[in-house]
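Okay, structure first, notes after.
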Amino acid sequence: MPTIESILHETRCFEPPHPFTENARIKDRATYDALVEEATQDWDGFWARRAREEITWITPFTKPYRGDHATRHTWFEDGVLNASVNCLDRHLGAHRHKPAIIFEGDDGATEIWSYLRMHQEVCRFANGIKEKGIQRGDRVVIYMPMHPRAVVAMLACARIGAIHSVVFAGFSTKALKDRIADTGAKMVITADEAVRGGKTIPLKQTVDLSLPKITKKSSVKTVVIMRRTQADISMKPGRDLFWEELTHGQPDICPPEPMGSEDPLFILYTSGSTGKPKGILHTTAGYLLGAILSMKWVFDYQSDDIFWCTADVGWITGHTYVAYGPMAVGATQLIFEGTPTHPHAGRFWEVVEKHRVTTFYTAPTAIRSLIKTGKELPKSYNLSSLRLLGSVGEPINPEAWIWYKETVGENRCPVVDTWWQTETGSHMIAPLPGALATKPGSCTLPLPGIFASVVDETGHELGPGQGGLLVIKKPWPSQLRTIWGDDERYRKNYFLHGESGKSFYLASDSAVRDEEGYFWIMGRMDDVLTVSGHRLGTMEIESSLVASPGVAEAAVVARPDDLTGEAIVAFVVPHGACPTGQAASQMAEELRQWVTQEIGAIAKPREIRFGDNLPKTRSGKIMRRLLRLIAKGEAISQDTSTLENPAILEQLKESL
Ligand code: WTA
């Protein structure tokens, strides 16, 4: 395989800032190096020690790792625990009245939920669903808005050993229906409506449309509804009941189900390269350990933090860094119901100021859209409470990274760019902010105990500057265990069996390491272009475009080309209004020149199309597959109803 040419020449490097380092858990590079060394010398012992320290066990384990070092893994197998006890009960001593969740509603109303209240609500709800027949191992689909009760529902399942599968509340009927069918869920937990950005979303109605009219024909026997807006909804007798009917008269104590470390905790669906979503299965102890350690290592969790992860609970980020990680370490976290720019473009910054947020974790797509709505806006808010900023979900362009650090973090806050996946359960490659120097656009180095590498297709390790496949060489505790109901797809999809006889976890991302071993993620493997025999990561071209003054956002795809193999097509969102006619051709030409200057003629887009936005999933990922079809002039036959903004496709098609 020809190596992917790294064309990103980023030389800026920032040491961990003072005074951040003074109070950091891991204060210097030497401490990080010592942890890495400990894990290198005694890999399963390293994890076993952490698991004993960080998890509250009902019965301690004796076996750290058992598996074949290829596709089968168990961690702490004979240990017994309950995840909800780790997230709630163990904080009920000194911290029972500590706020667990500060809830900021779409309309600005605030509620504070203490650990004690969370514990009582979880127990009552757990007793309620048990009474409805939900038992250990049963699947429960949760289709709820961002609300403390979404976390209550998840932890209540964990309390009684039921497997939750959260479906993002922005998904439509078909997506919900498919997921209910694939899990064989017995219960759906939902709300009458969700409220986001001043608009209501009819969740219960979507649930009704996703379930058969005759309950007998469905695996789902009960639908529980939280009232959010008091909207008039239809209730099916015998099947549907309100949250308060379910919990009425239930005791606020519920004995936790003793769970094995390897018992399933949840299933979460994620899209694969083919159409059918994959139900990623995570188990109990290993997942929890990953969530706890990354809270401490990467977010440098301190007991007085106000932690805000903006991700929805429908995504893995909302599982690990809303429902489980912050709760397991006993943090105070903010849950926000609304959108970044409603009712005004400064809403995020207003919320940071109002609740004195210390740790802010969001996605590059949100950062770029905030840059677009007003570069100077954060300066009109008091952001002095912030001490750490994080980014997740896609490569962050160096220019966006610098803006984040300078304008939001006021050069005081380290920026942690965290690489991980639904499948990895928790952070994999990310800086320990008190210990590692950061470079804009690089997720830096693997966490201690994670052995990441860049290899070619035969599994041979590549050197600095040589792009290739990102792999993880050894198993780790929070790794997925299988794809629900499709073990074969799991075994086929995720592993590279190298010539050396070793098997690696294959991330499907391409990456390159620099001379200092820092990882630079170049994008999904299917985002790699081949132009005139050169393999280029789309990310690098996009970064160059975004670095140009007039550009807010850009996505680059390839279309087949007789001459060069593939030709680059760039979709560009300008800062101001979309140019048309002569102005459009002129801007396109300027951008082509810009990329030529920045990267080289090889990366010059053949075609540039302008739009007011890009087609995105509800989690903000650019749908490059659709852009590729538009670039090729082909019809889009797949379902586009799960897009955030389906109408943009028409505009882009006509933009030539
Ligand atoms: C991408 C989200 C670059 C990557 C936690 C990965 C990133 C996919 C980063 C997983 C990052 C995530 N830099 N790329 N910091 N974080 N990705 O399953 O392509 O929704 O494979 O998990 O997002 O997306 P997922």
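The values are calculated or read from the model by the stated rules, or taken from the named source; none is laboratory data. This structure is a prediction, so every number in the text was calculated from the model and none was measured. With ideal geometry, Cβ positions are generated from the backbone for all residues, glycine too; neighbour counts draw on all protein chains shown. Note: areas computed on protein heavy atoms with side chains; ligands, DNA, RNA excluded. Shrake-Rupley method; radii C 1.70, N 1.55, O 1.52, S 1.80 Å.
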Practice task
Please list the equivalent ellipsoid semi-axes of the chain, computed as the square roots of five times the alpha-carbon gyration tensor eigenvalues, in descending order and whole angstrom.
Solution key: 37, 29, 25
Practice task
Report the calculated FRET efficiency for SER380 and ALA70 (r = Cβ-Cβ distance, R0 = 45 Å), to the nearest 0.05.
Solution key: 0.25
Handout entry: Pairwise centroid distance, computed over Cα atoms, of the range 631-656 with the range 32-53, Å
Key = 48
Handout entry: Rg/Rg_ref, the range 1-99, where Rg_ref = 2.2 N^0.38 Å and atoms are Cα
Key = 1.59
Handout entry: Ordering of 108-115, 362-369, 635-642 by burial proxy (mean other Cβ atoms within 10 Å per residue, highest first)
Key = 362-369, 108-115, 635-642
Handout entry: the range 335-430, accessible surface, carbon-and-sulfur percent (1.4 angstrom probe)
Key = 51
Exercise for the section: Evaluate the distance, in nm, between pseudo-label points positioned 7 Å from the Cα of ARG625 and of THR270 along their respective Cα→Cβ axes. Expected result: 1.5
Handout entry: Sorted largest first, extent of the range 536-577 alpha carbons per principal axis (Å)
Key = 35, 20, 11
Handout entry: Ordering of 572-581, 309-318 by packing [mean C-beta count within 10 Å, highest first]
Key = 309-318, 572-581
Exercise for the section: Could you sort 246-253, 173-180, 80-87 so that the peptide with the highest average Cβ count within 10 Å comes first and the rest follow in order? Expected result: 80-87, 173-180, 246-253
Practice task
Diagonalise the Cα gyration tensor of the range 279-410 and give the resulting equivalent ellipsoid semi-axes, square root of 5 times each eigenvalue, largest first, whole Å.
Solution key: 25, 16, 14
Practice task
Could you list, by residue number, the cysteines of the chain that have no other cysteine's beta carbon within less than 4.7 Å of their beta carbon?
Solution key: CYS13, CYS87, CYS157, CYS309, CYS413, CYS443, CYS578
Fill in the blank from the handout: Quick calc: nm separation of the 7 Å Cα→Cβ label points for GLU53 and GLU406 -> 3.9
Problem - Mean projected area in nm² (Cα convex hull; one quarter of hull surface) for the range 502-599 - result: 8.7
Practice task
Report the calculated FRET efficiency for ALA647 and ARG491 (r = Cβ-Cβ distance, R0 = 60 Å), to the nearest 0.05.
Solution key: 0.90
Fill in the blank from the handout: Along principal axes, largest first, the alpha-carbon spread of the range 53-181 in whole Å comes out as 51, 46, 30
Practice task
Kindly provide log₁₀ I(q)/I(0) values, in the same order as q = 0.10, 0.20, 0.23 Å⁻¹, from the Debye equation applied to equal alpha-carbon scatterers of the range 541-656.
Solution key: -0.27, -1.11, -1.41
Handout entry: Kirkwood-type radius of the range 198-306, with distances r between different C-alpha atoms, in Å
Key = 18.5
Practice task
List, in order, the whole-Hz ³J(HN,Hα) value for each residue of the range 465-482 obtained from phi through the Karplus relation with A = 6.51, B = -1.76, C = 1.60 and θ = phi - 60°; use x for Gly and Pro.
Solution key: x, 9, x, x, 8, 7, 10, 10, 7, 10, x, 9, x, 8, 5, 4, 9, 5
Completion exercise
With a Förster distance of 60 angstrom and the Cβ-Cβ distance between ILE214 and HIS97, calculated FRET efficiency to the nearest 0.05 equals 0.80
Completion exercise
Amide H neighbours of GLU553 at under 5 Å, excluding residues fewer than 5 places away on the same chain, with H built from the backbone geometry, are VAL573
Exercise for the section: Quick one: P(r) of the range 122-198 from all Cα-Cα pairs, 10 Å bins, percents rounded to integers, in order of increasing distance. Expected result: 20, 52, 25, 3
Fill in the blank from the handout: Summing -39500 (n - 2.57) over every DSSP H run of at least 4 residues in the chain and dividing by its residue count gives a helix-only mean residue ellipticity at 222 nm, to the nearest 500 deg cm²/dmol, of -8000 deg cm²/dmol
Completion exercise
On each of the three principal axes the extent of the alpha-carbon atoms of the range 180-260, given in whole Å and largest first, is 41, 31, 26
Exercise for the section: Please say if the range 347-433 is rounded, prolate or oblate, where rounded means a/c under 1.5 for a ≥ b ≥ c the square roots of the C-alpha gyration tensor eigenvalues, and otherwise the choice is prolate for a/b larger than b/c and oblate otherwise? Expected result: prolate
Fill in the blank from the handout: The extension gain from ARG356 to GLU634, computed as 0.36 nm times the residue separation minus the Cα-Cα distance, is 95.2 nm
Problem - Heavy-atom accessible surface of the range 540-620: percent carbon and sulfur, 1.4 Å - result: 49
Problem - Whole-number Å³ per residue for the convex hull built on Cα positions in the range 383-452 - result: 93
Problem - Cut-off 12 Å (backbone N to label point 7 Å along Cα→Cβ of SER585), residues of the range 624-656 - result: none
Handout entry: Stretchable slack from GLU516 to LEU563, in nm (0.36 nm times residue separation minus alpha-carbon distance)
Key = 13.2 nm
Fill in the blank from the handout: With a 1.4 angstrom probe the carbon and sulfur portion of accessible area for the range 100-249, in percent, totals 50
Completion exercise
Per residue, accessible area of the chain with a 1.4 Å probe, heavy atoms of protein chains only, in Å², comes to 37
